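The values are calculated or read from the model by the stated rules, or taken from the named source; none is laboratory data. Since the model is a prediction, treat every value here as computed from it, not as a measurement. Cβ coordinates were reconstructed from backbone atoms using ideal geometry, including for glycine residues, and neighbour counts include every protein chain displayed. Ligands, DNA and RNA are stripped out before the accessible areas are found, and what is left, the full protein with its side chains, is counted by its heavy atoms. Shrake-Rupley method; radii C 1.70, N 1.55, O 1.52, S 1.80 Å.
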Amino acid sequence: CLYISDGSHLTLSASRITNCEASAKTTARGGGLDVKTSTAIVNSTVIRSCRAVTSSKTRVTTGGGVALLSAAFLTITNSVVDECAADNGAGLYVLDSTANLARRTHLRRNQGMVGSAIWIGATS
C-alpha cells in the first residue's frame, strides 16, 4: 500500500492499512508499509491482512505487514500489526535498519516461515 524511499519522512496517526498486497515475479516485500532509506513514525494505527507474494517458487517474500531496508528507521506506538503473511518477517521485516516498538504495540496472528512476528538481520 505505502512505499517510502530516498530519505522521505512519513507520519501516520489513527490510520488503517488493510488488505494490501505487494506482489512481484521475483522478490516482494512490505505488503502494508515498505520503508527504504527513510523514516516512518506510526501511532495508533492498524496494519491488518497485508501480505507479500511472488509467483516464483524460488524467491522469498519479506515483511507482509512492514518491511524496513537500507538504513530505514521506524517508530511504531500504540499500534497493531495483525494477520499479515510473508515467508520471512510476516509482521515486521528489518534489514540493516532500526525499529522501535513502543507502548502497546502488538504483533499477532502473523504467518511466516521464519520470524512470523519479527525478522531482524544485516547484510554481511
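Miscellaneous remarks
- Within the range 24-41, considering residues that are under 16 Å from residue 58 (Cβ atoms) and open to solvent by less than 40 Å² (accessible area, probe 1.4 Å), the one farthest from the chain's Cα centre (by Cα): 24
- Filter result (over 19 Å from residue 35 (Cβ atoms), open to solvent by less than 40 Å² (accessible area, probe 1.4 Å) and not in a strand (DSSP E or B)) within the range 50-78: 56
- Residue selected from the range 13-23 under the condition aliphatic (A, V, I, L, M) and in contact with a Gly (Cβ under 6 Å, 6 or more places away or on another chain), by the criterion surrounded by the fewest Cβ atoms within 10 Å (Cβ to Cβ): 17
- Among the candidates 81, 94, residue that is closer than 12 Å to residue 47 by Cα, open to solvent by less than 40 Å² (accessible area, probe 1.4 Å) and either part of a strand (DSSP E or B) or touching a Ser or Thr at 6+ places or on another chain (Cβ under 7 Å) (or both): 81
- Considering only residues in the range 3-20 that are of a type in the set (S, T, N, Q) and either assigned to a strand (DSSP E or B) or in contact (Cβ under 8 Å) with a residue 60 or more places away in the chain (or both), the one that is nearest to residue 110 (Cα to Cα) turns out to be 18.
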